[in-house]
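Readers should treat all values here as calculations from the given coordinates under stated rules, not as data from a laboratory. Note that the coordinates shown come from a computational prediction; the quantities given were computed from them, not determined experimentally. Quick reminder, even Gly has a Cβ in these numbers, built from the backbone with ideal geometry, and neighbours come from all protein chains shown.
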Ligand SMILES: [Zn+2]
């Protein structure tokens, strides 16, 4: 199949190819061409290599680009619903009842630093394994610990430290 390489390629076409290979749109032509061919490409051949790849993969490129940059309407709707159900979780009867049980078991103290609930000290019931990563453990008493606000905000969803044994 013969290709006629145009003298110039639009930035959009170059960007599509660059993105496909995980490069930013501002990558140099030579750099992109070498990613495409997997070997060294001279500067004068770069445009042709990119063009050939573009022409033979135009459908895939466009499709991947759309998928990456434009979430579909149904994706957006799904995200919104997931977010809403996450917000609803903390006011659900199941969560409140389980949360209270965890507070009773902790004697009203932070299970990490030992501070007692009182003036200015707010206790949180924390998911040891964060809900964002382990949604199936969100209603498991065994996955809950009581932490003061300071300890809990420090932990956030970055750690899954279990402090319950430390206080026993
Ligand atoms: Zn604490």
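Can you work out the FRET efficiency for the pair residue 104 and residue 77, with r the C-beta to C-beta distance and R0 = 45 Å, to the nearest 0.05?
Numbers: r = 40 Å, r/R0 = 0.88.
Calculated value: 0.70.
Classified by the C-alpha gyration tensor, the range 11-69 has a prolate form. Its axis ratio a/c, with a ≥ b ≥ c, is 1.5 or above, and a/b is larger than b/c. The length gained on full extension between residue 159 and residue 117, counted as 0.36 nm times the residue separation minus their Cα-Cα distance, comes to 12.8 nm. Using a simple spin-label model with pseudo-atoms 7 Å out from Cα toward Cβ, residue 31 and residue 55 lie 2.7 nm apart. Taking label points 7 Å from Cα along the Cα-to-Cβ direction, residue 95 and residue 134 give a separation of 1.7 nm. Shown here is the pair-distance distribution of the range 74-167: with all Cα-Cα distances grouped in 10 Å bins from zero up to the longest one, the shares run 16, 46, 28, 8, 2 percent.
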